[in-house]
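> I have a structure I would like to understand better, so I am pasting it below and will then ask my questions one at a time.
The values are calculated or read from the model by the stated rules, or taken from the named source; none is laboratory data. Keep in mind that this is a model prediction, so the values were computed, not measured. Every residue, glycine among them, receives a Cβ derived from its backbone with ideal geometry; neighbour counts consider all protein chains shown. Side chains included, ligands, DNA and RNA excluded: accessible areas come from the protein's heavy atoms. Shrake-Rupley method; radii C 1.70, N 1.55, O 1.52, S 1.80 Å.
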Amino acid sequence: QVQLVESGGGLVQPGGSLRLSCAASGSIFNIYRMGWYRQAPGKQRELVATRTSSGYTNYVDSVKGRFTISRDNAKNTVYLQMNSLKPEDTALYYCNADTLDAGYWGKGTLVTVSS
């Protein structure tokens, strides 16, 4: 079992920045990929960014050049640095961790981009 706890969401003006954190605990040695997904009101959950244990990263086109996913292995934490935020980035952001047996989700952290 893997437990994930997100933090760092909040209200920010367009053009601003936020950094989301996701702390993992439990059977973290089995994790081969971690990532961030988001779900805006009335929309399906979508992938934002993922990072494998070997360092390979993947981003949805709409955030390329603005968001960066990183991982601190010593703290068992994955981050999502979000710059140049836009109103369309408003969503509930979820942390995800994949093992060979299952996928795990956090409860989400809300990001609101508004003036």
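> Pick from region 85-115 the residues that are farther than 10 Å from residue 2 by Cβ and of a type in the set (Phe, Trp, Tyr): which of them is most open to solvent (accessible area, probe 1.4 Å)?
94
Every residue, every condition in (1) without any contact (Cβ under 8 Å) to a residue 40 or more places away in the chain; (2) of a type outside the set (Val, Ile, Thr), yes or no:
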{"site": "77", "(1), (2)": "no, no"}
{"site": "100", "(1), (2)": "no, yes"}
{"site": "103", "(1), (2)": "yes, yes"}
{"site": "106", "(1), (2)": "no, yes"}
{"site": "109", "(1), (2)": "no, no"}
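> Out of everything in region 1-13 that is farther than 16 Å from residue 80 by Cβ and surrounded by 13 or more Cβ atoms within 10 Å (Cβ to Cβ), what residue ends up being modelled with the highest pLDDT?
3
> Now, a different point. For region 62-82, check the following and say yes or no: at least one residue is within 24 Å of residue 13 (Cβ to Cβ) and acidic (Asp, Glu).
The answer is no, given that none of the residues of region 62-82 is within 24 Å of residue 13 (Cβ to Cβ) and acidic (Asp, Glu).
> Being open to solvent by less than 50 Å² (accessible area, probe 1.4 Å), out of contact with any Cys (no Cβ under 6 Å at 6 or more places or on another chain) and either at positive phi or assigned to a helix (DSSP H, G or I) (or both) is true for just one of 65, 42, 16, 55. Which residue is that?
55
> A further question on this structure: Quick one: is residue 71 surrounded by 15 or more Cβ atoms within 10 Å (Cβ to Cβ), under 16 Å from residue 4 (Cβ atoms) and basic (Lys, Arg)?
Answer is yes for this residue.
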